[in-house]
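Beneath this line is the structure, given in structure tokens, with notes to follow.
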Amino acid sequence: MKTKTLWQTGATIFTASAFGAFWAVAAAEDPALQAPEEVQAIEVAKALVDPSIISAGQRSFVKCQACHMVGENVQRRAGPPLNGVVGRAAGTSEGFRYSPGMAKATADNFVWTLEMLDAYLKSPRDIVPGTTMGFAGIPKPDERKGLIAYLASYAADGTRVETATE
């Protein structure tokens, strides 16, 4: 399996703890004002601060597998593939036909930041009214955090992203 480090994605970590990471690169700025690649690298790096929770997120992803895939050679199912979703603009998986609710979120420049993913995974219809996603949500914050870390561990091309060890 191919892997990348965060250094290869362009993210720089200075001090970090859980999702409350401190960044020298524009973390406090509005994501809409940053280049999409920067936003994605920052969000992925924040999600992967504690790589030990990725395996718990993988177990939680079982709830998503009926409709979504991650990894190399993904295919569309009832939902879009989720490679590279963390930090990406919503509704941008090529070739997938989105619901009116998600299309509106896309038009409103909705970005899958950690906070937005956490809120969406807790209660999808509250965050994106009109979504056709039939999933009720994940009530446990730790489970959502692990799932987000697991999703963040996949780059857009399906390769695994690891935290930097240097």
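The values are calculated or read from the model by the stated rules, or taken from the named source; none is laboratory data. Model, not experiment: these values are computed from the prediction. Positions of Cβ are generated from backbone atoms using ideal geometry, with glycine treated the same way; all protein chains shown enter the neighbour counts.
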Notebook entry, point to check: Yes or no: ASN73 touching a strand residue (DSSP E or B) at 6+ places or on another chain (Cβ under 6 Å), modelled with pLDDT of 50 or more and not in a strand (DSSP E or B)?
Noted result: no
Check: In this structure, does ALA103 turn out to be assigned to a loop (DSSP other than H, G, I, E, B), over 22 Å from ALA41 (Cβ atoms) and of a type in the set (A, V, I, L, M)?
Finding: no
Checklist line | Residues satisfying the stated conditions in the stretch 123-158, i.e. of a type in the set (Lys, Arg), assigned to a helix (DSSP H, G or I) and more than 14 Å from CYS64 (Cβ to Cβ) | finding: ARG125, LYS145
Item checked: Positions within the stretch 103-126 being more than 14 Å from VAL85 (Cβ to Cβ) and more than 15 Å from the chain's Cα centre (by Cα), in sequence order -> ALA103, LYS104, ALA107, ASP108, ASN109, SER123, ARG125, ASP126
Notebook entry, point to check: For residues in the stretch 47-91 being under 21 Å from PRO129 (Cβ atoms) and surrounded by fewer than 16 Cβ atoms within 10 Å (Cβ to Cβ), which is farthest from the chain's Cα centre (by Cα)?
Noted result: ALA78
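Every residue, every condition in (1) of a type in the set (A, V, I, L, M, F, W, C); (2) touching a residue at least 40 places away in the same chain (Cβ under 8 Å); (3) in contact with a strand residue (DSSP E or B) (Cβ under 7 Å, 6 or more places away or on another chain), yes or no:
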position: LEU114; (1), (2), (3): yes, yes, no
position: PRO124; (1), (2), (3): no, no, no
position: THR132; (1), (2), (3): no, no, no
position: GLY137; (1), (2), (3): no, no, no
position: LYS145; (1), (2), (3): no, yes, no
position: ARG160; (1), (2), (3): no, yes, yes
